[in-house]
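Trainee: The structure under discussion is supplied below as structure tokens; questions concerning it will follow.
The values are calculated or read from the model by the stated rules, or taken from the named source; none is laboratory data. None of these values were measured; they are calculated from a predicted model. Here the Cβ positions follow ideal geometry from the backbone for every residue, glycine too, while neighbour counts run over all protein chains shown. Remember, those area values only see protein heavy atoms, side chains included, never the ligands or the DNA or RNA. Shrake-Rupley method; radii C 1.70, N 1.55, O 1.52, S 1.80 Å.
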Amino acid sequence: MEALFPQTLFTGQQLVWLPECASTNTEAQVLIGQNRATDGCCVITDKQTAGRGQRGNQWEAAPGENLTLSVVWRPAFLPAADQFLLSQAVALAVHDWLTALLGPAEALRVKWPNDIVYGSQKLGGILIENTLSGAKIQHSIVGIGLNVNQQKFGVPTATSLGCLTGRAYQLATLAGRLLECLERRYLQLRAGRVGGLRADYLKVLYRFEQPHAYEAGGQPLRGRIVGVDEAGRLALATGDQIRYFDLKEIRYV
């Protein structure tokens, strides 16, 4: 990959490029263990062979056609109890980045907790792994996989920027812009402007305030998403009550 020149204070200023690796999150963890990762360090690869996604799923991406990277941050300012705010900030940064490329699009949404979808098709995924020290976050590894130039997928529920626009993209340029978007939202979080983050997240939340079918505990459930609580649980209005669900407790239908 060509050199990146993100206009950032620290995010991506230390760049570790690997032609191939099992997982950029794993490589970032190794750098942290060796005390070689600065705040904002970015690990990026052309080919990830064992990428991880939410719920323990594997993230698949064609080599050299997509963006696969991890960013290391040290958000000591953020209490462990508020770590979902970081997830919201990252998801919004990716949404900002895509909006700049696609233009404002009603179909471009964040699917709770932080998948990026266009309509019902997945454009990207985020996996954040936090290491805690007492009640604080010691460091965070923010793994991001985004479908950019790939045209064919093994599942019909995936799409890419190239599929949506018919264009081919220069990955290094896009990676630089993504790092800028990430730092902008991270600085918003660090400055304590969390009300704006929460409001912006709800504005782009998939199925927000719309009645839909779900499955919880193996049982069908119909309701509408009305928010996300501070712990990151999805709030679903069903009948005259609001129920809260963790990631593995509810499934979209």
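Trainee: Going toward the positive end of the dipole of the stretch 88-153, with +1 on Lys and Arg Cβ and -1 on Asp and Glu Cβ, which of Phe153, Ser120, Ala91 do you reach last?
Mentor: Result: Phe153, furthest along the dipole toward the positive end.
Trainee: Moving on to the next point. Using the crude model of +1 on Lys and Arg Cβ and -1 on Asp and Glu Cβ, and no other charge, please compute the dipole size for the stretch 70-167 relative to its Cα centre, in debye to 20. Mind showing how you got there, number by number?
Mentor: Details: 7 positive and 5 negative charges, 37 e Å.
Using Cβ point charges on Lys, Arg, Asp and Glu, the stretch 70-167 gives about 180 debye.
Trainee: To the nearest 20 debye, what charge dipole does the stretch 93-228 have about its Cα centre, counting +1 at the Cβ of each Lys and Arg and -1 at the Cβ of each Asp and Glu?
Mentor: I would put it at about 140 debye.
Trainee: Further question on the same structure: If you take the beta carbon distance between Arg36 and Arg184 as r and set R0 to 25 Å, what does 1/(1 + (r/R0)^6) give as a FRET efficiency, to the nearest 0.05?
Mentor: On the way: r = 26 Å, r/R0 = 1.03.
With R0 = 25 Å, the Cβ-Cβ based efficiency is 0.45.
Trainee: Oh, and also: Antiparallel versus total DSSP beta bridges in the chain: what percent is that, nearest 5? Mind dumping the intermediate values first?
Mentor: Numbers: 49 of 57 bridges.
That works out to approximately 85 percent antiparallel.
Trainee: Using unit Cβ charges (K, R positive; D, E negative) and no other charged atoms, how large, in debye to the nearest 20, is the dipole of the chain about its Cα centre? Display every interim value, and only then the final one.
Mentor: Values: 25 positive and 22 negative charges, 66 e Å.
About 320 debye.
Trainee: Using the charge dipole of the chain (Lys, Arg: +1 at Cβ; Asp, Glu: -1 at Cβ; taken about the Cα centre), state which of Ile144, Gly217, Cys181 has its Cα farthest towards the positive end.
Mentor: Gly217
Trainee: Also: Quick check: pseudo-label points 7 Å beyond the Cα along Cα→Cβ at Phe77 and Thr173, how many nm apart are they?
Mentor: 3.3
Trainee: Treating the stretch 1-152 as a set of equal point scatterers at the Cα positions, no solvent, please give the Debye-formula log₁₀ I(q)/I(0) at q = 0.14 Å⁻¹.
Mentor: -0.69
Trainee: Based on the alpha-carbon gyration tensor of the stretch 116-248, what equivalent-ellipsoid semi-axes (square roots of 5 times the eigenvalues) come out, in whole Å, largest first? Don't skip to the answer; put the middle values down first.
Mentor: Working: eigenvalues 157, 114, 42 Å².
Semi-axes, largest first: 28, 24, 14 Å.
Trainee: Something else now. Can you put Glu180, Glu27, Glu20 in order of accessible area, largest first, using a 1.4 Å probe?
Mentor: Numbers: Glu180 30, Glu27 65, Glu20 105 Å².
These residues rank, largest area first, as Glu20, Glu27, Glu180.
Trainee: Another question, then. Just name one of Gln48, Ala199, Leu171: the one whose Cα is farthest towards the positive end of the charge dipole of the chain (beta-carbon charges, Lys/Arg +1, Asp/Glu -1).
Mentor: With unit charges placed on the Cβ atoms, the residue in question is Ala199.
Trainee: For Tyr252 paired with Leu202, estimate the spin-label separation in nm (one decimal), with each label point 7 Å from Cα along the Cα-to-Cβ line.
Mentor: My value for the distance between the label points is 2.0 nm.
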